[in-house]
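Where a number appears in this text, it was derived from the coordinates with a stated rule and is not lab data. Here the structure is a predicted model, which means the values were calculated and not measured. Cβ atoms come from the backbone with ideal geometry, glycine included; neighbour counts cover every protein chain shown.
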Amino acid sequence: MPVHSKWQSLPTEAINPATLAIDKLAPGEIVDLMISEDRKIIAAVSHERERIAHGIDILVQALKKGGRVIFVGAGTSGRLGVLESAEMPPTFGTSAKLVQAIMAGGQDAVMKAKEGVEDHYEDGVRAIARLRPSRKDVVIGVSASGMTQFVRGTLVRSRKAGAKIIFVTCYPATELQTFVDLTIAPSVGPEVIAGSTRLKAGTATKMVLNMLTTGAMVRIGKTYGNLMVDVQTGSEKLKDRARRIVTMVTEIDYDEADELLRRAHWNVKAAIVMQKTGMSYRRALARLRKSEDFVREAIGEDIEPRLRRLIGAAASE
């Protein structure tokens with residue numbers, strides 16, 4: 001009997017032979033089975049290493065030219081883009097407009113599933129048009145199946161505007177790759193529960209998006225070594241992190257770091273440059289601008305040896 005489903009042949013919809021009896025298993029056995037399946041994710045993402053690295057370069061070039069990064073998706077894929085976008089300001093001190101996300105169904109769909117919104121091509125066109133994409137921007141379409149019409153609409157409209165397009169999917173054979181600049185497609189195989197792409201596909205996608213955004217932020221100077229020197233300090237926890245970063249880099253004590261950060265208006269980078277050079281706040285900012293916002297270049301020091309000493313000292317206590 002012929003089957004007319006266009007989704008049946010997708011790897012994300014396939015039946016996993018390893019999990020056919022999952023409904024007969026004890027809780028611990030279900031955990032073991034899922035761990036076994038999740039081990040395949042690393043290999044799938046590793047296979048995309050070069051394409052992910054190329055994606056980082058695309059983002060860096062756009063950000064250096066004043067462009068934006070815009071994630072687009074539906075369902076789990078959309079929420080993963082929203083998560084990346086939401087985490088950029090507190091982690092890397094970016095503006096809310098620098099990294100944005102569009103979710104099929106709008107903000108309400110982030111917290112509550114809205115079935116069917118992913119099927120509307122024109123809604124995707126309208127959603128991205130509201131952000132007025134340009135040649136400076138990068139639009140990252142996220143679709144595990146590679147067939148989401150909402151995402152297709154946003155990418156087609158973005159291409160017409162001249163934006164760079166990265167497509168993240170778990171379907172390597174997707175036809176969308178024919179008109180994007182880069183496709184990243186970790187092939188994770190059938191899900192533990194057939195069609196539930198919040199599982200392996202979602203985890204692989206989260207890893208890829210983490211690598212793209214983190215790699216790009218590192219490459220534009222948002223860290224010093226692996227320290228979060230552009231952290232926003234909107235909570236006591238983050239203020240504490242800022243103080244600890246300053247103490248690690250400058251070797252002043254915790255209370256002195258607090259006083260220095262207050263003089264630096266809680267700008268961790270400026271505080272470090274002020275302490276290391278004796279400069280005023282304004283001159284420290286100017287030094288950072290001249291150094292393209294890289295702390296290492298601004299103070300002429302490599303933090304790695306000191307951090308290794310601190311790690312070694314902590315390990316020996």
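Going by average Cβ density within 10 Å per residue, which order do the peptides 257-263, 225-231 take, highest to lowest?
Working: 257-263: 17.0, 225-231: 18.9.
Order by mean packing, descending: 225-231, 257-263.
What size of dipole, in debye to the nearest 20, comes out for the range 28-127 about its Cα centre when the only charges are +1 on Lys and Arg C-beta atoms and -1 on Asp and Glu C-beta atoms? The partial results should precede the final answer.
Details: 12 positive and 15 negative charges, 125 e Å.
Value, rounded to 20: 600 debye.
Average the reciprocal distances over every distinct pair of alpha-carbons in the range 236-316, invert the result, and give the Kirkwood radius in Å.
Taking the inverse mean of 1/r over all distinct Cα pairs, the range 236-316 comes out at 12.9 Å.
Note down the nm distance, to one decimal, between modelled labels 7 Å out along Cα→Cβ at residue 57 and at residue 289.
According to this spin-label approximation, the distance is 3.1 nm.
So, in nm, how far is label residue 43 from label residue 251 when the simple model puts each one 7 Å beyond its Cα toward the Cβ?
4.9 nm
Can you give me the relative contact order of the chain as a percent, contacts being Cα pairs under 8 Å and 6 or more apart? If you can, show how the numbers build up before the last one.
Working: 519 pairs, mean separation 59.1, N = 317.
Answer for the chain is 19 percent.
With unit charges on the beta carbon (Lys/Arg positive, Asp/Glu negative), name the residue among 280, 300, 268 whose Cα is farthest towards the positive pole of the charge dipole of the range 264-307.
280
Answer with one residue from 203, 35, 229: the one whose Cα lies farthest towards the positive end of the charge dipole of the chain, charges on Cβ with Lys, Arg +1 and Asp, Glu -1.
Sorting the options by dipole projection puts first 229.
Once the other residues with Cβ under 13 Å from the Cβ of residue 300 are scored (Lys, Arg +1; Asp, Glu -1), what is the net sum? Numbers along the way, then the final one.
On the way: positive: 276, 287, 290, 296; negative: 297, 301, 302.
Local net charge: +1.
Net charge within 12 Å of residue 213 by Cβ-Cβ distance, Lys/Arg positive one each and Asp/Glu negative one each, not counting residue 213 itself? Please list the in-between numbers first.
Details: positive: 206, 219, 222; negative: 84, 87.
In short, +1.
How far is helix 254-263 tilted off the main Cα axis of the chain, in degrees rounded to 10, range 0 to 90?
In the chain, helix 254-263 runs at an angle near 90 degrees to the longest axis.
Would you mind checking the tilt of helix 268-277 against the longest principal axis of the Cα atoms of the chain, expressed as 0 to 90 degrees and rounded to 10?
Approximately 30 degrees, to the nearest 10.
Which semi-axes, in whole Å and largest first, does the equivalent ellipsoid of the chain have when worked out from the alpha carbon gyration tensor as the square roots of 5 times its eigenvalues? Kindly include the intermediate steps, with their values, before the conclusion.
Working: eigenvalues 331, 124, 53 Å².
Over the Cα atoms of the chain, the ellipsoid semi-axes are 41, 25, 16 Å.
When the chain is fully extended, how far beyond the present Cα-Cα distance does residue 210 get from residue 18, taking 0.36 nm per residue of separation? Don't jump to the answer; show the numbers that get you there.
Details: separation 192, 0.36 × 192 = 69.12 nm, distance 2.85 nm.
Gain in length upon complete extension: 66.3 nm.
Tell me, what does the Kirkwood hydrodynamic radius of the range 1-104 come to in angstroms if you use every pair of distinct C-alpha atoms? Each step should come with its number before you reach the end.
Numbers: mean 1/r = 0.0572 Å⁻¹.
One decimal place: 17.5 Å for the Kirkwood radius.
Would you please give the residues with an amide H less than 5 Å from that of residue 183, counting only those at least 5 places away or on a separate chain, with H modeled from the backbone geometry?
Sorted by chain and number, the residues that satisfy this are 167.
Given H placed on each backbone N at 1.01 Å, which residues far from residue 104 in sequence or on other chains put an amide H within less than 5 Å of it?
Answer set, sorted by chain and number: 73, 74, 75.
Please turn the phi angles of the range 67-76 into ³J(HN,Hα) values with the Karplus equation 6.51 cos²θ - 1.76 cosθ + 1.60 (θ = phi - 60°), one per residue in order, whole Hz, x for glycine and proline.
With the stated coefficients, the range 67-76 comes to x, 10, 10, 10, 8, 9, x, 10, x, 4 Hz.
Rounded to whole Hz and in sequence order, give me ³J(HN,Hα) for the range 135-141 from the Karplus expression 6.51 cos²θ - 1.76 cosθ + 1.60, θ = phi - 60°, writing x for Gly and Pro.
After applying 6.51 cos²θ - 1.76 cosθ + 1.60, I find 5, 6, 8, 10, 9, 10, x Hz.
Placing +1 at every Lys and Arg Cβ and -1 at every Asp and Glu Cβ, with all other atoms neutral, what dipole size does the chain have around its Cα centre, in debye to the nearest 20?
Numbers: 46 positive and 37 negative charges, 296 e Å.
Using Cβ point charges on Lys, Arg, Asp and Glu, the chain gives about 1420 debye.
Please give the charge dipole size of the range 236-316, origin at the Cα centre, charges +1 on K and R Cβ atoms and -1 on D and E Cβ atoms. Round to the nearest 20 debye.
Working: 18 positive and 14 negative charges, 57 e Å.
Its charge dipole is roughly 280 debye.
Length gain on complete extension for the stretch residue 315 to residue 262, per 0.36 nm per residue less the alpha carbon to alpha carbon distance? Walk me through the numbers on the way to the answer.
Details: separation 53, 0.36 × 53 = 19.08 nm, distance 3.16 nm.
15.9 nm is the gain from fully extending residue 315 to residue 262.
Between the helical axis of 49-64 and the dominant principal axis of the chain, each derived from Cα atoms, what acute angle in degrees is found, rounded to the nearest 10?
50 degrees
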